[in-house]
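Participant: Next up is a structure, given as structure tokens.
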Amino acid sequence: MKIVYPKEEACMACRLCEVACITEHSKSKDTLKAYKKENPAPLSRTLVEEIFPGLSVSVMCRHCSDAPCIEACFTSAMHRKPDGRVIVNEPKCVGCWMCIMACPFGVIKRNQYLVEGKKFKVKLSSKCDLCPDRSVPACVEACPNKALVHEER
């Protein structure tokens, strides 16, 4: 299965991968609308982290073969698709965030938002889904330095 791997020597921390991810996972598929108008605002499923000054890397789900997040999820919201991707079935997610605690890479995020007209927050887990409607994930395509590669290893 192809997943996204970082090449830290090529990352310049421009965060275009994060912008591309937010846009791809937005309702509008428009960057400005995604950032300013959508509710809930889409989250980036990748995160650029500075390891130390001058060395940054984009981190995201590795779709582990032994996926501890799947084992930790008691509602089966976190599950593996037949193609190997580990994804969140949002309607099943209860926001317990056990998957976040189980992930050894710290790449599953808390997605919380208020529902318009309601007095409660929706809590969901959010993570890289490898952009299933695209042949190449948006983050890989957006990277000007080819610091992200989509390949099998």
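Participant: Among the residues of segment 40-60, which ones are assigned to a loop (DSSP other than H, G, I, E, B), out of contact with any Lys or Arg (no Cβ under 7 Å at 6 or more places or on another chain) and within 25 Å of V86 (Cα to Cα)?
Facilitator: P40, A41, P42, S44, T46
Let's see how each residue does on (1) aromatic (F, W, Y); (2) under 21 Å from L124 (Cβ atoms):
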| residue | (1), (2) |
| --- | --- |
| K7 | no, no |
| C17 | no, no |
| E24 | no, yes |
| Y35 | yes, yes |
| P40 | no, yes |
| R45 | no, yes |
| P53 | no, no |
| M60 | no, yes |
| P68 | no, yes |
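Participant: Next question. Being surrounded by 14 or more Cβ atoms within 10 Å (Cβ to Cβ), among the charged types (D, E, K, R) and assigned by TED's automatic domain parsing to the domain that holds R153, is that true of even one residue in segment 79-94?
Facilitator: no
Participant: Identify all residues within segment 5-33 that are of a type outside the set (D, E, K, R) and within 16 Å of the chain's Cα centre (by Cα); write none if there are none.
Facilitator: Within segment 5-33, Y5, P6, L16, C17, V19, A20, C21, I22, T23, H25, S26 qualify.
Participant: Hey, does segment 24-31 have a residue that's assigned to a helix (DSSP H, G or I) and polar (S, T, N, Q)?
Facilitator: Yes, there is a match, as at least one residue in segment 24-31 is assigned to a helix (DSSP H, G or I) and polar (S, T, N, Q).
Participant: Okay, next question. Just the residues that are without any contact (Cβ under 8 Å) to a residue 40 or more places away in the chain and of a type in the set (A, V, I, L, M), please, taken from segment 39-56.
Facilitator: Matches in segment 39-56: V48 only.
Participant: Also, quick follow-up: Give the residue, chosen from R45, R62, R15, that is charged (D, E, K, R), out of contact with any helix residue (DSSP H, G or I) (no Cβ under 9 Å at 6 or more places or on another chain) and under 14 Å from F105 (Cβ atoms). First the steps, then the outcome.
Facilitator: Numbers: R45 fails: out of contact with any helix residue (DSSP H, G or I) (no Cβ under 9 Å at 6 or more places or on another chain); R15 fails: under 14 Å from F105 (Cβ atoms).
Matching residue, one of R45, R62, R15: R62.
Participant: Would you point out which residue out of M60, M1 is modelled with pLDDT under 95, under 21 Å from E151 (Cβ atoms) and hydrophobic (A, V, I, L, M, F, W, C)?
Facilitator: Unique residue meeting the criteria: M1.
Participant: Can you name every residue in segment 50-69 that is surrounded by 14 or more Cβ atoms within 10 Å (Cβ to Cβ), closer than 15 Å to M12 by Cβ and not aliphatic (A, V, I, L, M)?
Facilitator: Going through segment 50-69, the residues surrounded by 14 or more Cβ atoms within 10 Å (Cβ to Cβ) turn out to be 56-64, 67-69.
Still in the list and also closer than 15 Å to M12 by Cβ: 56-58.
Passing the criteria: S56, S58.
The values are calculated or read from the model by the stated rules, or taken from the named source; none is laboratory data. What you see is a predicted model, and the numbers here were worked out from it, not measured in a lab. Reconstructed Cβ throughout: ideal geometry from the backbone, glycine too, with neighbour counts over all protein chains shown.
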